[in-house]
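**Student:** Following this message is one structure expressed as structure tokens.
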Amino acid sequence: MQENFDHYISRNIKAFYKRKLFSPAFYLVLLLTAWNIFSLTELLFPIPLQDNDTLENMYRNKAEYVNAQLTDLHFTGYTRTFLGNTTGYYYYTLHNDECFFVLLTPKSCEEGLPHIPKISISAVLSHSSQSYQTLLDNVAKDLNWTGNGIRSKVSAYYLSEPDYNQNGNTILFGFVFITGIYAMISICLSLLYIRFPHLSPPCQNLGLYGDAKDLLEWAEEELATLPQLATEEIFITEHFFIMTSYYGNAIIPIDQIIWIYKYSTLQKFFWYHFSISYTLHISAKKHLYLQCPKNVKFDIDGIIEYLSEANHDILVGFSEENRLKSQEIQGASLQIEKVVNFLKRKI
């Protein structure tokens, strides 16, 4: 017994947070892989269009997203529409002796200004789409040129600001950064709890009743020397209720428990009922609420019986009378009690 339960609670807390490392670590790997595959760095920081660059050279160098400072833009008179809505206005300009077209959003060009002296945009560098070829043919007709003639004078590449989708990118990067930071914080916290189990949430809950580290050592000592009652996941010592399961860990001083009761759940698969599981509900002072799910009736009944004998002040069984007595002891109104029950972490 001494060997099996030596630092048993700390070992289970460490094992629990080692398991919790997997999901955020896997998510970060997935996020970094997607970041590289979809070139999100370039999407976040578009490549600047330098004075000596051409769109063709940038395209050949795998540039997909471009930040451009453009001057002297002229409206072509043509727009791009989607489902009856105008999504862009075509302009032409000169850059480094290269004439090319630019598709601007309605907001950037104020829905078709004839001339724009200067503008800064982030855009997608595109090459000869069907709509772009149609634009070249229409502009050629307006100028009484041939299609080949205008294609010899105008770049086959163009910039599309609407395709950059500024709002969508903001949402995308907001999601990436928020979830990525959350995953990194989760990893850091798990590593912290693995190194210092007494700082973990189960021990901080225990800290409601005194020094968390000292109480943890006390509970470890009692469990290692002489546990009074033990099931597969729940242990009771002289002074502590201890739960160490795959879903989490909990330690509560027995003299702080106010109310205990069991709740049965019928397990079923489609229409077939195959078992009944029992959840132990515990309310303790300082508004600590725990749920210990997926237990069998025999174990739950034994735990309730033992705890009620160890602390005669514990309210046993679910009833309106016990609920009101528990609420009175906690000193919380009914509405606050509901909020606390909703926000408290379930084990």
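The values are calculated or read from the model by the stated rules, or taken from the named source; none is laboratory data. What you see is a predicted model, and the numbers here were worked out from it, not measured in a lab. So basically every Cβ, Gly included, is an ideal-geometry build from the backbone, and we count neighbours across all protein chains shown. All accessible areas refer to the heavy atoms of the entire protein, side chains included, with ligands and DNA or RNA removed. Shrake-Rupley method; radii C 1.70, N 1.55, O 1.52, S 1.80 Å.
**Student:** So which residue, out of I304, I260, I276, gets the largest mean-square fluctuation from a GNM of the chain using Cα contacts under 10 Å as springs?
**Tutor:** Evaluated over the chain, the most mobile residue of the options is I276.
**Student:** How high is the FRET efficiency from E238 to F298, r the C-beta distance, R0 22 Å, rounded to 0.05?
**Tutor:** So, using R0 = 22 Å, E works out to roughly 0.45.
**Student:** Extension gain S308-T146, at 0.36 nm per residue separation less the Cα-Cα distance, in nm?
**Tutor:** Gain on stretching S308 to T146: 48.8 nm.
**Student:** In 10 Å bins starting at 0, how do the alpha-carbon pair distances of region 71-214 split up by percent?
**Tutor:** The distribution over region 71-214 is 10, 28, 20, 9, 8, 9, 10, 5, 1, 0, given as percents.
**Student:** Would you kindly state how much longer the chain becomes between T231 and N169 on full extension, computed as 0.36 nm times their sequence separation minus their alpha carbon distance, in nm to one decimal?
**Tutor:** Full extension of this stretch gives 17.1 nm more.
**Student:** Oh, and also: So what is the calculated 222 nm ellipticity per residue for the chain, using -39500 (n - 2.57) for each DSSP H run with n of 4 or more, over all residues, to the nearest 500 deg cm²/dmol?
**Tutor:** Result for the chain: -13500 deg cm²/dmol, rounded to the nearest 500.
**Student:** Next question. If I take all pairs of Cα atoms in region 1-56, what percentage of them are more than 12 Å from each other?
**Tutor:** 78
**Student:** Over all directions, the average projected area of the alpha-carbon convex hull for region 186-262 comes to how many nm²?
**Tutor:** Averaged projected hull area, Cα only: 5.8 nm².
**Student:** Set the Förster radius R0 to 25 Å, insert the Cβ-Cβ distance between E64 and I181 as r into 1/(1 + (r/R0)^6), and round the FRET efficiency to 0.05.
**Tutor:** The value I calculate is 0.45.
**Student:** So, one more: Under the definition of Cα pairs under 8 Å and six or more residues apart, what whole-number percent is the relative contact order of the chain?
**Tutor:** Normalised by residue count, the contact order of the chain is 15 percent.
**Student:** If I model a spin label at S120 and L32 as a point 7 Å from the Cα along the Cα→Cβ vector, what separation in nanometres do I get?
**Tutor:** With each label placed 7 Å out from Cα toward Cβ, I get 3.3 nm.
**Student:** When the accessible area of the chain is computed with all protein chains present and a 1.4 Å probe, what percentage of it is carbon and sulfur?
**Tutor:** Exposed carbon and sulfur together represent 57 percent of the surface.
**Student:** Could you give the angle, 0 to 90 degrees to the nearest 10, between helix 166-195's Cα long axis and the longest principal axis of the Cα atoms of the chain?
**Tutor:** Value to nearest ten degrees: 30.
**Student:** Relative contact order, percent, of region 8-118 when contacts are C-alpha pairs under 8 Å separated by at least 6 residues?
**Tutor:** 19
**Student:** In Å, what Kirkwood hydrodynamic radius results for region 68-142 from the alpha-carbon pair distances?
**Tutor:** Radius from the Kirkwood sum: 12.8 Å.
**Student:** Turning to a different aspect of this structure: How high is the FRET efficiency between K325 and A15 when r is their beta carbon distance and R₀ equals 41 Å, given to the nearest 0.05?
**Tutor:** 0.65
**Student:** Where does region 27-78 land on Rg/Rh, using Cα atoms and the Kirkwood Rh?
**Tutor:** With Rg and the Kirkwood Rh in hand, the quotient comes to 1.15.
**Student:** Would you mind giving the average projected area, over all directions, of the Cα convex hull of region 1-136 in nm² with one decimal?
**Tutor:** 14.2
**Student:** Apply the Kirkwood formula to the chain: the hydrodynamic radius equals the inverse of the mean of 1/r over all pairs of different alpha-carbon atoms; give it in Å with one decimal.
**Tutor:** 26.2
**Student:** Compute the Rg to Rh ratio over region 185-229 from the alpha carbon atoms, using the Kirkwood formula for Rh, and round to two decimal places.
**Tutor:** Rounded to two decimals, Rg/Rh equals 1.07.
**Student:** State in Å² the accessible area per residue of the chain; use a 1.4 Å probe, count heavy atoms of protein chains only, and round to the nearest integer.
**Tutor:** 58
**Student:** On to the next question. For the pair S129/Q204, report the inter-label distance in nm, with labels modelled 7 Å from Cα in the Cβ direction.
**Tutor:** 4.9
**Student:** What is the spin-label model distance, in nm, from S23 to K286 if the labels are put 7 Å beyond Cα along the C-beta direction?
**Tutor:** Here the answer is 2.6 nm between the modelled labels.
**Student:** Continuing with this model, one more query. Tell me, what does the Kirkwood hydrodynamic radius of region 147-236 come to in angstroms if you use every pair of distinct C-alpha atoms?
**Tutor:** Kirkwood hydrodynamic radius for region 147-236: 19.0 Å.
**Student:** Against the longest principal axis of the chain, how steep is helix 8-37, in degrees 0 to 90 to the nearest 10, with axes from Cα atoms?
**Tutor:** 10
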